[in-house]
Amino acid sequence: MGWTHSWVRDTELDELAFKAAVHDCQIVLLECGAQLAGFDGTGIPIFEPDHIVFNGSDPASCEPFVNGGAKPWRGAGGPIP
């Protein structure tokens, strides 16, 4: 059993800065060889210009990292309309 704190905060990166951050994440992950998967530990991680979603690859998955950039995000359900 774990303890999680989740919250929503104001967007801090504008669209261009978020795209640059996504690009930087992709470079770092290629270099370090991390075994990442999608939200639920399966599939592929998502590094899009407007959102980032990843988790450890099963069986090492635990809590996903989700950042919707300029969009509020609702986990595996995708962006909040």
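The values are calculated or read from the model by the stated rules, or taken from the named source; none is laboratory data. Just so you know, these numbers come straight off a predicted model, no measurement behind them. All Cβ positions, glycine included, derive from the backbone under ideal geometry; neighbour counts span all protein chains shown.
Worth a mention:
- Scanning the stretch 5-18 for residues that are among the charged types (D, E, K, R) and under 12 Å from residue 67 (Cα atoms), we see that the one that is modelled with the highest pLDDT is 12.
- Comparison of 52, 27, 46 shows that the only residue that is exposed (fewer than 13 other Cβ atoms within 10 Å of the Cβ), of a type in the set (A, V, I, L, M) and either touching a helix residue (DSSP H, G or I) at 6+ places or on another chain (Cβ under 8 Å) or at pLDDT 85 or above (or both) is 27.
- For the stretch 11-49, a residue qualifies if it is over 14 Å from the mean Cα position of the chain (by Cα), assigned to a helix (DSSP H, G or I) and touching a residue at least 24 places away in the same chain (Cβ under 8 Å), and exactly one does: 15.
- Set side by side, the residues 78, 68 differ, and just one is modelled with pLDDT under 80 and in contact with a Pro (Cβ under 8 Å, 6 or more places away or on another chain), which is 68.
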